[in-house]
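Note sheet for the following structure.
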Amino acid sequence: MPPRFATAVARARTRLRRKSIFDPVHGTIVLEGAALDLVGHPAFQRLWGIRQTGFAHLVFPGANHTRLEHSLGVYWVAHQLAESLHLPADDAAGIAAGGLLHDTGHPPFSHSLDGPMREVLGRGHESISRDWILGTPGQGVDVPGFDRILRDHGIDPGFVADLVDPPAGRERHRFLRTLLHGAIDADRIDYLQRDAHYTGVAHGAIDASRLMETAREWHGRLVFAEKGRSAVEGFLVGRSLMYASVYYHKTVRAAEMMAQGAVERMPDFPEAARPLLGGTDGDLIARLRSTGGVSAELVRGLLERRLYKRATGLRSLEPRVRRRWRVFARTPPRRRSLEDLLAAHLGGTPGQVLVDLAGLDSREPAGGDWMDVGILDGNRVEHPFRPPSLWAVFAGRPPAPWPVSVYVHRSLRSKAERRLPALLQDGPAS
């Protein structure tokens, strides 16, 4: 049999293979072709060991779902969006693969360690996902990437990588990228429903079917038909409330700060943390427990649910004060020095005061992307979420009401509540 013919036959047989997975959010998810081969890759299977919502299970006990489940859900939503928009077969295959692989670069406990990841590696999880898709996962990794599987199924790895992690300054595939990186996209459509289901918080119960049914392409932009207006409005509200109620819940943030502090205070940080960022939640916890010192103590607190308490915070900041705090947000070593100075001021030890600046420049769910959401009414596109509309208030609502929060060991709480508010009000000297 000629080699080309044999290859064609092999590909045809692969396409005939399909499996069905029952998903509690989307019902039956069908895997076939490239997706069926990609899910068996070790880098994808690692996602079984990473909780989707970090440490939210310490507040919402049902939130034990994983990045793998979410990735399957994004694949399915992206697949359905492609069908609804009648995309060409090659574009649809690339979008579905991008949805499946978009989170393969996540560190343990998902977004909880975004800060240390950027400090250690100089980049975020999207860039790591791009490397896996292109087959360049980095030094010390002996597992091949996803590129060969994609090519075997006629999918360009570069195309998928550009959808997952768009290169700066390049406008290729702009419309298709919005299906994975937009105000309303496959990623958010899945995680809002999935996180609501497992946490028991009803705010994420969006009308996903209506959103996908009414999605339209209009001059290279994703818009929604007029009959989908209420679904779009419900999505906006649900997204805003889920961030306030779950993702930025003060106790969830306390746990995330403890995990971040445990990694940052490892002996020989940052180099010692580098190999841990490609492991699972369990790998990370086991390694931190074995280090001793501050890291081990913080991990014990997480495992025994002896969490730090928020002692104080700043709700509103003058521009001058905000600029001061941003210096510490952008230079983690300075922030850690500040934490230790505050701990000493309270009679504590290093690691017993943790400063949370995640809300300082947070852009979720607020952001300019919402201002561009369009409703197609006849031959005209409206932008109902631009100021001064009522919906713009929701779009502009910050997810974290406290730009600056200070979490402390329980033994320091009363002192911190008395002493820190006045000390922090004008912002620390940078």
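Search the range 189-228 for residues being among the aromatic types (Phe, Trp, Tyr) and part of a strand (DSSP E or B), and hand back the single one that is nearest to Ile375 (Cα to Cα). Step by step, filter the range 189-228, then rank; the result is Phe224. Looking at Ile50 and the list (1) at pLDDT below 95; (2) under 20 Å from Tyr247 (Cβ atoms), which single condition is not satisfied? Looking at each condition in turn, Ile50 falls short on (1). On inspection, Val381 does not qualify as modelled with pLDDT of 95 or more and either touching a Lys or Arg at 6+ places or on another chain (Cβ under 8 Å) or not small (Gly, Ala, Ser) (or both). Please go through the range 182-191 and give me each residue that is at pLDDT below 95 and of a type in the set (A, V, I, L, M, F, W, C), ordered by number. Listed by number, the residues that qualify are Ala183, Ile184. Scanning the range 349-364 for residues that are surrounded by 19 or more Cβ atoms within 10 Å (Cβ to Cβ) and either without any contact (Cβ under 8 Å) to a residue 40 or more places away in the chain or in contact with a helix residue (DSSP H, G or I) (Cβ under 8 Å, 6 or more places away or on another chain) (or both) gives Gly351, Gln352, Val353, Leu354, Val355, Asp356, Leu357, Ala358, Leu360. Listed here are the helices (runs of 4 or more DSSP H) enclosed by the range 16-105 that have at least 1 residues being farther than 29 Å from Ala255 by Cα: 34-38, 67-84, 89-101. On the stretch given as the range 374-406, residues that are aromatic (Phe, Trp, Tyr) and over 23 Å from the mean Cα position of the chain (by Cα) total 2.
Close Cβ contacts (under 7 Å, 6 or more residues apart or on different chains) running from residues in the range 312-325 that are among the basic types (Lys, Arg) to residues that are crowded, with 17+ Cβ neighbours inside 10 Å and part of a helix (DSSP H, G or I) are absent. The residue of the range 388-430 that is surrounded by the most Cβ atoms within 10 Å (Cβ to Cβ), among those that are touching a Gly at 6+ places or on another chain (Cβ under 8 Å) and more than 23 Å from Val246 (Cα to Cα), is Leu412.
Quick one: which of Ser129, Ser112, Ser84 is surrounded by fewer than 18 Cβ atoms within 10 Å (Cβ to Cβ) and at pLDDT 95 or above? Walk me through it before giving the result.
Working: Ser129 fails: surrounded by fewer than 18 Cβ atoms within 10 Å (Cβ to Cβ); Ser112 fails: surrounded by fewer than 18 Cβ atoms within 10 Å (Cβ to Cβ).
Being surrounded by fewer than 18 Cβ atoms within 10 Å (Cβ to Cβ) and at pLDDT 95 or above holds for just one of Ser129, Ser112, Ser84, which is Ser84.
Residue count for the range 305-334, restricted to those that are among the basic types (Lys, Arg) and farther than 18 Å from Ala416 by Cβ: 8.
Taking the numbered list (1) polar (S, T, N, Q); (2) outside any helix (DSSP H, G or I); (3) surrounded by 19 or more Cβ atoms within 10 Å (Cβ to Cβ) in turn, Ser240 passes all entries but (2). When you check Leu307 against the structure, is it in a helix (DSSP H, G or I) and surrounded by 15 or more Cβ atoms within 10 Å (Cβ to Cβ), yes or no? For Leu307, the condition - in a helix (DSSP H, G or I) and surrounded by 15 or more Cβ atoms within 10 Å (Cβ to Cβ) - is not met.
Of all residues in the range 144-185 being of a type in the set (Gly, Ala, Ser) and not in a loop (DSSP other than H, G, I, E, B), which is surrounded by the fewest Cβ atoms within 10 Å (Cβ to Cβ)? So that I can check it myself, show each step before the final result.
The first filter runs over the range 144-185 and keeps only residues of a type in the set (Gly, Ala, Ser), leaving 145, 154, 158, 161, 168-169, 182-183.
Now drop any that are not not in a loop (DSSP other than H, G, I, E, B), which leaves 158, 161.
Working: Gly158: 16, Ala161: 28.
Filtering first and then ranking leaves Gly158.
For the range 40-93, taking the residues that are under 19 Å from Asp162 (Cβ atoms) and of a type in the set (Asp, Glu), the one that is farthest from the chain's Cα centre (by Cα) is identified as Asp90. Among the residues of this structure, Ala254 does not count as one that is crowded, with 22+ Cβ neighbours inside 10 Å, in contact with a helix residue (DSSP H, G or I) (Cβ under 7 Å, 6 or more places away or on another chain) and under 30 Å from Gln352 (Cα atoms). Are any of the residues in the range 267-281 within 19 Å of Val59 (Cα to Cα) and touching a residue at least 12 places away in the same chain (Cβ under 8 Å)? There is at least one residue in the range 267-281 that is within 19 Å of Val59 (Cα to Cα) and touching a residue at least 12 places away in the same chain (Cβ under 8 Å).
Could you check how many residues of the range 310-338 are over 24 Å from Leu277 (Cα atoms) and either of a type in the set (A, V, I, L, M) or part of a helix (DSSP H, G or I) (or both)? Walk me through how you get there before you give the answer.
Going through the range 310-338, the residues over 24 Å from Leu277 (Cα atoms) turn out to be 310-327, 338.
This time we only want the ones that are either of a type in the set (A, V, I, L, M) or part of a helix (DSSP H, G or I) (or both), so: 311, 314, 317, 319-327, 338.
So the count comes out to 13.
When Ile29 is tested against (1) buried (at least 24 other Cβ atoms within 10 Å of the Cβ); (2) in contact with an Asp or Glu (Cβ under 6 Å, 6 or more places away or on another chain); (3) free of Cβ contacts under 8 Å to residues at least 60 places away in the same chain, only condition (1) is not met. For the range 218-236, residues that are touching a residue at least 60 places away in the same chain (Cβ under 8 Å) and touching a Phe, Trp or Tyr at 6+ places or on another chain (Cβ under 6 Å) total 2.
The values are calculated or read from the model by the stated rules, or taken from the named source; none is laboratory data. Just so you know, these numbers come straight off a predicted model, no measurement behind them. All Cβ positions, glycine included, derive from the backbone under ideal geometry; neighbour counts span all protein chains shown.
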